[in-house]
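Any read-out appearing in this document is the output of simple, stated calculations on the displayed coordinates, not a laboratory observation. Please read all numbers here as calculations on a predicted model, not as lab measurements. Cβ coordinates were reconstructed from backbone atoms using ideal geometry, including for glycine residues, and neighbour counts include every protein chain displayed.
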Amino acid sequence: MNYIGSKHKLSSFIVSTIKSVVGDDLSNKIFCDIFAGTGIVGRNFKSEVKRVIANDCEYYSYVLNKNYIENHKEIKNKEEYIYKLNI
């Protein structure tokens with residue numbers, strides 16, 4: 001989801017700037033995305049940090065970030081779920 005105000009185009013700048021301040025090894029860091037919106041910045045850090053905390057006052061942001069950031073298990077047997085949904 002992209003909208004006016006999205007930080008998608010700034011993501012690489014944000015990542016490089018944060019790494020220049022705290023270092024390249026982020027594995028023990030907690031990243032806090034204070035104005036999360038669609039969660040694009042938090043998603044960029046999800047694989048590199050120990051934990052992502054996302055905050056926003058909009059409900060759509062809660063829904064998107066719950067999906068993109070909180071989910072951490074790969075879905076196995078995708079075909080089985082697709083089959084069940086199509087019955």
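Descriptive notes on the structure:
- Here the chain is treated with +1 on each Lys and Arg Cβ and -1 on each Asp and Glu Cβ, and its dipole about the Cα centre works out to around 80 debye.
- Amide H contacts under 5 Å for Cys32, placed H, 5+ residues apart: Ile53
- Using the Karplus relation 6.51 cos²θ - 1.76 cosθ + 1.60 with θ = phi - 60°, the per-residue 3J(HN,Hα) values for the stretch 38-44 come to 6, x, 4, 5, x, 5, 5 Hz, with x marking Gly and Pro.
- Considering only alpha-carbon pairs that sit under 8 angstrom and 6 or more positions apart, the relative contact order computed for the chain is 24 percent.
- With Cα atoms, 0 to 90° folded angle of helix 11-22 axis to the chain main axis: 50
- Among the listed pairs Lys29/Lys66; Lys7/Lys46; Lys9/Lys78, a Cα-Cα separation exceeding 24 Å is found for Lys9/Lys78.
- Highest-MSF residue in the chain out of Asp56, Asp33, Asp24 [GNM, Cα springs under 10 Å]: Asp24
- Karplus-derived HN-Hα couplings along the stretch 62-68 (A = 6.51, B = -1.76, C = 1.60, θ = phi - 60°), whole Hz, x at Gly and Pro: 4, 5, 5, 6, 4, 6, 6
- Size of the chain as Cα extents on the principal axes (Å, biggest first): 52, 30, 20
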